[in-house]
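The values are calculated or read from the model by the stated rules, or taken from the named source; none is laboratory data. For clarity, every value in this text was computed on a predicted model and none was experimentally measured. Cβ coordinates were reconstructed from backbone atoms using ideal geometry, including for glycine residues, and neighbour counts include every protein chain displayed. For accessibility, only protein heavy atoms count, side chains too; no ligands or nucleic acids. Shrake-Rupley method; radii C 1.70, N 1.55, O 1.52, S 1.80 Å.
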Amino acid sequence: MAGSRILRTLILGAPGSGKGTISKRLVADYKLTHLASGDLLRNQISAGTEAGKEAESFIVKGQLVPDPLIVDLISQELGKLKTSWLLDGFPRTLSQAEALSQKTNVDLVFNLDVPFDTIRQRLEKRWIHAPSGRTYHADWSPPKTPGLDDVTGEPLTQRDDDKPETVQNRLNTYDKMTRPLLDYYKSQDLLQSFHGTESNVIYPQMIDFLDEYMKSVDW
Ligand code: G5P
Ligand code: MG
């Protein structure tokens, strides 16, 4: 990345649309700092904080955690960042988007538009290394040793909210609460949607777009 400007980006998409997978590639290729709201919340739960206890009761049901809780957590983290960043999973409601706009401008909003049937199949086979947020898929991106994290060798787990009935609740919640954000950012001319069923096909399209974008604004 050429210039010294800070790039402020969001990645939106339904649960399981590949936000984490694509973010991992973007942060490596464009030297962005990745801030994932779900990872922040799961860290709070593991640490047994009050915020974590409150969040857990919503997450296990596939519901969104209350806006003030996540706005607080994200604001604290954003305040620490001095480099270009990519925010994954936040905002998820119009009220969160408004809160974010009070704190910072955003340059680009990516949207991953992946069919729900594809998502349901993916999440059945997701495994994670909870402490780091590293994500695997049993067939598509398996760990080197089945059941173990590639970096630490620690055991992988499945997310409580990846049970089929909870996944359906998360998809319903997305339709009701988060989909309206697409119009919100479209009306600000910030939204770039990428449709498909394969991250390996979507990602090169994102790179092409981002490279052109950076040239156009003389990054
Ligand atoms: P999260 O953690 O933000 P979601 O529900 O938005 O959770 P999730 O499940 O983390 O999103 P993702 O990051 O979009 O999905 O997808 P991923 O992990 O990269 O990919 C999913 C699986 O598919 C992986 O196994 C991956 O390897 C595989 N995969 C990727 N691409 C392909 C492909 O091309 N082919 C195949 N075969 N597989 C592929 O939020 C969790 C909860 O926290 C709360 C909510 O309760 C939420 O439900 N929360 C918030 N609440 C309120 N406001 C907020 N802002 C909140 N943020 C989080
Ligand atoms: Mg994720």
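Kindly indicate which of Lys53, Lys82 is part of a loop (DSSP other than H, G, I, E, B) and either more than 19 Å from Leu182 (Cβ to Cβ) or aromatic (Phe, Trp, Tyr) (or both).
Lys82
Within the range 1-19, the residues that satisfy the criterion of being open to solvent by 40 Å² or more (accessible area, probe 1.4 Å) and either assigned to a strand (DSSP E or B) or of a type in the set (Gly, Ala, Ser) (or both) are Ala2, Ser4, Arg8. When you go through Asp139, Asp107 one by one, which is the residue that is of a type in the set (Asp, Glu) and out of contact with any helix residue (DSSP H, G or I) (no Cβ under 9 Å at 6 or more places or on another chain)? Every option except Asp139 fails the conditions. Could you list, in sequence order, the residues of the range 95-106 that are within 15 Å of Leu191 (Cα to Cα) and either within 12 Å of ligand 1 (Cβ to nearest atom) or surrounded by 15 or more Cβ atoms within 10 Å (Cβ to Cβ) (or both)? Result: Ala97, Val106. Suppose the filter is in contact with a helix residue (DSSP H, G or I) (Cβ under 7 Å, 6 or more places away or on another chain), of a type in the set (S, T, N, Q), surrounded by fewer than 16 Cβ atoms within 10 Å (Cβ to Cβ) and outside any helix (DSSP H, G or I); does Thr197 pass it? Spelling it out, Thr197 is indeed in contact with a helix residue (DSSP H, G or I) (Cβ under 7 Å, 6 or more places away or on another chain), of a type in the set (S, T, N, Q), surrounded by fewer than 16 Cβ atoms within 10 Å (Cβ to Cβ) and outside any helix (DSSP H, G or I). Within the range 190-219, the set of residues being under 18 Å from Arg92 (Cα atoms) and either at pLDDT below 95 or out of contact with any Asp or Glu (no Cβ under 8 Å at 6 or more places or on another chain) (or both) comprises Leu191, Gln192.
Please go through the range 95-126 and pick out each residue that is aromatic (Phe, Trp, Tyr) and either over 18 Å from Thr166 (Cα atoms) or modelled with pLDDT under 95 (or both).
Hit for the range 95-126 is Phe110, nothing else.
Looking at Asp149, is it surrounded by 14 or more Cβ atoms within 10 Å (Cβ to Cβ), among the charged types (D, E, K, R) and closer than 20 Å to Lys176 by Cβ? It is false that Asp149 is surrounded by 14 or more Cβ atoms within 10 Å (Cβ to Cβ), among the charged types (D, E, K, R) and closer than 20 Å to Lys176 by Cβ.
Taking residues in the range 95-107 that are within 12 Å of Leu78 (Cα to Cα), and partners anywhere that are of a type in the set (Phe, Trp, Tyr), the pairs with Cβ atoms closer than 9 Å and at least 6 places apart or on different chains are Leu100/Phe90. Which residues, taken from the range 22-50, are within 8 Å of ligand 1 (Cβ to nearest atom) and outside any helix (DSSP H, G or I)? The answer is Ala36, and nothing else.
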